[in-house]
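First comes the structure, then the notes that go with it.
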Amino acid sequence: MEATAHIDTFVRDRLPPKSQWPKLVFEFPELQYPRRLNCAAELLDRMVATGHGGRALIHALVDGKAYSCTYEALLARANQIAHVLSGDLKLRTGNRVLLRAPNNPMMAACWLAVVKAGLVAVPTMPLLRATELKQIIDKARVGAALCDLRLKDEMELARTGCPDLKQVLYFNGGGAGSLEQMLAAKPTAFDNVDTAADDPCLIAFTSGTTGRPKGTVHFHRDVLAMCDCFPRSCLKPTQNDIFCGTPPLAFTFGLGGLLCFPMRFGASTVLMERLSPDSLLATIQKMKATICFTAPTYYRQMAGLAASYDLRSLKKCVSAGEALPDATRQLFKQASGIEIIDGIGATEMIHIFISHTPERVRRGATGYAIPGYRATVIDETGKPCAPGVVGRLAVMGPTGCRYLADQRQKDYVVSAGALRGWNLTGDAYRMDADGYFYYQARTDDMIISAGYNIAGPEVEASLLQHPAVAECGVVGEPDVERGQIVKACVVLKPGYTGNEPMARELQEFVKKTIAAYKYPRSVKFVDSLPRTETGKLQRFKLRQMG
Ligand code: 3UK
């Protein structure tokens, strides 16, 4: 291992035992990183040094007014914050810094500053409550936090009861004592900490729906690898692209898509604090955005609204977070002319590993293992499944899962046998003879009814083709006779009524489009579906709904 730049080795000391590390492969020249590497320096300082300084990097609305900052300006700001962190707060390399804000320019500057200073960023989703924050602060033993003033209440609540968290600075308001005030007099140049390529720089907590949150540790090298895989081979951005979208920067889907990818390619990004399908469309129109990152549910809603907007600037759309139903893909294509790029990624893997270019799309498939990654589907004994057979998805590439001090490492990374070092994402997939992967369900979400294995998302995909269905979620409901029955929770489009005849109509519709035994024996009409901040359906909540 290359000599660490970390004085505080808390994170390194809590990496899994080496025998449980994922095996890594670096399959093309762009992935051969130097042994010493600071990813923020690479994404920011180097882009300025190579002539991008005067180009726009971040567009945003600040106090309702259009705001834009260049690579040079963000570099200066990040450097000043880095001085506050290492000078005023006296943080030592390797210390963890909690970051908390909606997507805005200061959040981006803080992330880069933390990484430049050789610290470890612990970004958190804006909607997290004090109890969840506390778990994260304890687990990562966080000593300092940079927080948007508007999230102060929950931050202060979390702070009482977290003795390790000694220093909290607020930004985006606050006057005296605020981060802005402290950075104002600082030099705009900063000596980046000369970190090892495998020094940790980020702990991304999983948006797990149940149980204790898991912290996934990522190295400087991993951040660059995420930029050099999916974007390079599937998205193919240029420096003229303008990125936009909804995922929080605290979610690695958003960190990549809305900050690191644009920077890696000298492009620019629109950071918006609160986006609905409507305001995302308005933003694309106003900012002439060319690339959009969001979740399937947004694309479905945007398809219905697109006609009211001028979306001619938009060229490419990326969907991730949960399976993209083909019905949604087709609706969005009819509305915008754009073939969505689907991609499965995971916090553990940092970003997308199976995806496709718009030209190489295959209906119903997430895509193929992107260059740099390998993927396979395995059975219970760990042997590869034949094409067409459903099994567990296993992946390997330049990134992999390393949980911070967590027994569950053994569940994600295979530690013995032929597949040693492969990552198990917890998804059930099948592969066709050409290497395309078809999502079925989360392995623990498969519905077993009267001996049949039924994947909820397949039933959802069928229901979504019915003209009355706006959104739906399908789960198993306990049943004495069959073990489980298929239950569909359906949101109808305006103008349709959820009653007995409608339920029967939907049941008949499913029977006609997929194998009859998969039809929902129970149909519940609901006003909306429970989702996480990352756009994922909370199936456990649907199961609880009587
Ligand atoms: C599911 C998908 C089908 C799948 C993520 C892109 O979602 C991300 O990370 P999470 O840790 O969740 C991972 C799990 O989400 N999933 C994600 N994308 C798809 N299922 N089709 C898809 N396209 O169960 C996976 O195991 O929250 C996505 C980039 C970075 C990310 N962190």
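No lab work stands behind these numbers, since they all come straight from the coordinates. For clarity, every value in this text was computed on a predicted model and none was experimentally measured. Note that we place each Cβ from the backbone using ideal geometry, even for glycine, and neighbour counts take in every protein chain shown.
Cα centroid separation, the range 456-511 to the range 254-314: 30 Å.
Looking at the range 476-527, the GluC sites (Glu not before Pro) that sit in a DSSP loop and have at most 10 other Cβ atoms within 10 Å of their own Cβ are Glu481.
Sort out for me the Cα centre separation of the range 46-112 from the range 189-231, rounded to whole Å. That distance is 17 Å.
Every pair of different Cα atoms in the range 301-393 enters the Kirkwood calculation, which places the hydrodynamic radius at 14.9 Å. Taking loop as defined by DSSP and a crowding limit of 16 other beta carbons within 10 Å, which GluC sites (Glu not before Pro) in the range 313-415 fit? Hits after loop and neighbour filter: Glu359, Glu380.
Helix 105-116 and the longest principal axis of the C-alpha atoms of the chain enclose an angle of approximately 70°. For the range 522-534, backbone phi angles converted through the Karplus equation (6.51, -1.76, 1.60; θ = phi - 60°) give residue-by-residue couplings of 10, 10, 10, 9, 10, 7, 7, 9, x, 10, 7, 5, 9 Hz, Gly and Pro being listed as x.
Of the listed pairs Lys152/Lys288; Lys134/Lys536; Lys333/Lys524; Lys316/Lys536; Lys383/Lys512; Lys65/Lys116, which have alpha-carbon separations greater than 31 Å here? Going by Cα-Cα distance, Lys152/Lys288; Lys383/Lys512 fall outside the 31 Å limit. Only Cα pairs under 8 Å and 6+ residues apart enter the sum, and on that basis the relative contact order of the chain stands at 13 percent. For Thr425, nonlocal amide neighbours, meaning residues 5 or more places apart or on other chains whose placed amide H falls under 5 Å from its own, are Leu393, Val395. Considering only Val526, Gly382, Ala515, and ranking their Cα positions along the charge dipole of the chain that arises from unit charges at the beta-carbon of Lys, Arg, Asp and Glu, the one farthest toward the positive end is Gly382.
For the chain, what is the mean residue ellipticity at 222 nm derived from helices alone (per DSSP H run of n ≥ 4: -39500 (n - 2.57); sum divided by total residues; nearest 500 deg cm²/dmol)?
After summing the helix terms and dividing by residue count, I get -6500 deg cm²/dmol.
A DSSP coil position with no more than 14 other Cβ atoms inside 10 Å describes the following trypsin sites (Lys or Arg not before Pro) in the range 153-217: Lys166. Between helix 326-336 and the chain there is an angle of about 60 degrees, using the helix long axis and the longest principal axis of the Cα atoms. The ellipsoid equivalent to the alpha-carbon distribution of the range 338-471 has semi-axes of 25, 19, 15 angstrom, derived from the gyration tensor eigenvalues as √(5λ) and listed largest first. Remark on Cys201: its backbone amide H falls under 5 Å from those of His218, Phe219, His220, a criterion applied only to residues 5 or more positions apart or on other chains, H modelled at 1.01 Å from N.
Summing Cβ point charges (Lys, Arg +1; Asp, Glu -1) relative to the Cα centre of the chain gives a dipole of roughly 140 debye. Working from the Cα coordinates of the chain, the gyration tensor eigenvalues give, after taking √(5λ), semi-axes of 38, 26, 23 Å in decreasing order. Charge tally around Pro325: other residues with Cβ under 12 Å, Lys/Arg +1 each, Asp/Glu -1 each, net -3. With respect to the chain, whose longest principal axis is taken over its alpha-carbon atoms, helix 277-287 is tilted by about 50°.
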